[in-house]
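**Q** To start, I am sharing the structure in question, which I have written as structure tokens.
The values are calculated or read from the model by the stated rules, or taken from the named source; none is laboratory data. If you're wondering where the values come from, they're calculated on a predicted model, not measured in any experiment. Ideal geometry is used to build each Cβ from the backbone, glycine not excepted, and the neighbour counts take in all protein chains shown.
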Amino acid sequence: MKYFTLNNGVEIPAIGLGTNTIGKADGNYWGDLNGDYRPIYTALKCGYRMFDNARGYRNEGGIGNTLYESKIPREELFIISKLPGIPECVGSEAAVRATIEDSLRLLRTDYIDLYMIHHPWSDMGGLVATYEVLMRLREEGKCRTIGVSNFTPDLLDLILNRCGEVPSVNEYQINVFDWHDETTAYCKEKGIVPIAWGPLLGVSNFTASRTWTFTPDLVKLLIQRSQGKSAIDELNRYSGYTAAVMEIAEKYGMSWSQVQLLYNYKAGIVSIPKSFSIEHQAANLAAVDREMSDEDFNYLHDKARGIGELKGVMHAITHKDAKMAGDI
């Protein structure tokens, strides 16, 4: 396992397991809890030690029980949880404290390795006050380090200017649909480690050997969202990046997902891929132990840039269920 060192000296694994759909019917985020936590057992067997969880996922209890019953020493695990930005959880210091205490109970642990604000909200004063509570919780030993999720550079500046420190991490979407280069550059400048959620989204849509049907309405939507650019050029950039990933994968004898995860690692980004399959879990975890030349890394980097303009609309039209397009 490879690690990054956070700005308070805590080491974080370079790869963790996303858990937001584990233990739920049909692997659906909003699905009913079904008690099936086998992916946690298989991940532990593969060597995973970091598990990315959140109060909002509703499955802290199942994840916590599974980790506890595994008998893996607590000090070997790196447990992440997140504080939802809703009034009953962040409306006061007492609410924040009650939320983390409940998470500790459900996760069956005395401390959380990384505790984050899950998402920002409109009350900037409340956001600062909540982060200050997290700072106190860290000092009290309730969590080893603290961070934020889905924060933009202006919100990170707010925390720095009002709280006198930057978070140790910022977890946000980093993938072919949106690399968020500005946010990543800010994080690197300030010593904040980026964590990528959904790191394999996008490439998988183009490597699944599917044939997409572009209806007139979808083509119209694509053109409307291309901001004056050629829609065909945008599609070509996506497929061009995918072709580059597959080229590198063949060169090094890796899967496309390993190439993407290794790319993130070399870029200084922690990745949180999701997988229910022990074979895929093992392959993902092994990715950061592979090698890629700086030349090939730069080749992928250059291919990746400039392809994020359509973001969600591409996500919609590259899914079999095209109804997603109406929700963008």
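**Q** All but one of (1) under 28 Å from G164 (Cβ atoms); (2) surrounded by 17 or more Cβ atoms within 10 Å (Cβ to Cβ) hold for A94; which doesn't?
**A** Single failed check for A94: (2).
**Q** Would it be correct to say that I79 is under 26 Å from N264 (Cβ atoms) and either in contact with a Pro (Cβ under 8 Å, 6 or more places away or on another chain) or of a type in the set (A, V, I, L, M) (or both)? Quick ask: steps written out before the conclusion?
**A** Working: under 26 Å from N264 (Cβ atoms): yes; either in contact with a Pro (Cβ under 8 Å, 6 or more places away or on another chain) or of a type in the set (A, V, I, L, M) (or both): yes.
Considered against the rule, which asks whether it is under 26 Å from N264 (Cβ atoms) and either in contact with a Pro (Cβ under 8 Å, 6 or more places away or on another chain) or of a type in the set (A, V, I, L, M) (or both), I79 comes out as yes.
**Q** Let me ask another. Do any strands (runs of 3 or more DSSP E) lying entirely in the range 85-180 carry at least 1 residues that are modelled with pLDDT of 95 or more, within 30 Å of K303 (Cβ to Cβ) and touching a Cys at 6+ places or on another chain (Cβ under 7 Å), and which ones are they?
**A** Because the criterion is at least 1 residues that are modelled with pLDDT of 95 or more, within 30 Å of K303 (Cβ to Cβ) and touching a Cys at 6+ places or on another chain (Cβ under 7 Å), the strands (runs of 3 or more DSSP E) in the range 85-180 that meet it are 169-173.
**Q** Related question: Which residue pairs have Cβ atoms closer than 7 Å, lie 6 or more positions apart in sequence or on different chains, and pair a first residue in the range 281-303 that is touching a residue at least 60 places away in the same chain (Cβ under 8 Å) and closer than 15 Å to S255 by Cβ with a second residue that is part of a helix (DSSP H, G or I) and β-branched (V, I, T)?
**A** The qualifying pairs are Q281/T42.
**Q** Continuing with the same structure: Within the range 23-42, can one find any residue that is modelled with pLDDT of 95 or more, closer than 24 Å to Q260 by Cα and in contact with a helix residue (DSSP H, G or I) (Cβ under 6 Å, 6 or more places away or on another chain)?
**A** Within the range 23-42, one or more residues are modelled with pLDDT of 95 or more, closer than 24 Å to Q260 by Cα and in contact with a helix residue (DSSP H, G or I) (Cβ under 6 Å, 6 or more places away or on another chain).
**Q** Still on this model: R58: more than 18 Å from R138 (Cβ to Cβ) and either among the basic types (K, R) or out of contact with any Cys (no Cβ under 8 Å at 6 or more places or on another chain) (or both), yes or no?
**A** yes
**Q** Filter the range 262-307 down to the residues that are more than 20 Å from N170 (Cα to Cα), within 20 Å of the chain's Cα centre (by Cα), part of a loop (DSSP other than H, G, I, E, B) and not hydroxyl-bearing (S, T, Y) and list them by number.
**A** Residues satisfying the conditions are F276, R305, I307.
So that you can scan it fast, the table gives a plain yes or no per residue for (1) surrounded by fewer than 15 Cβ atoms within 10 Å (Cβ to Cβ); (2) small (G, A, S); (3) over 17 Å from the mean Cα position of the chain (by Cα):
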| residue | (1), (2), (3) |
| --- | --- |
| N8 | yes, no, yes |
| L17 | no, no, no |
| G31 | yes, yes, yes |
| G56 | no, yes, no |
| G61 | no, yes, yes |
| L77 | no, no, yes |
| P87 | yes, no, yes |
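**Q** Considering only residues that are more than 17 Å from N284 (Cα to Cα), in contact (Cβ under 8 Å) with a residue 60 or more places away in the chain and within 11 Å of the chain's Cα centre (by Cα), which ones fall in the range 170-205?
**A** Answer for the range 170-205, where residues must be more than 17 Å from N284 (Cα to Cα), in contact (Cβ under 8 Å) with a residue 60 or more places away in the chain and within 11 Å of the chain's Cα centre (by Cα): E171, P194.
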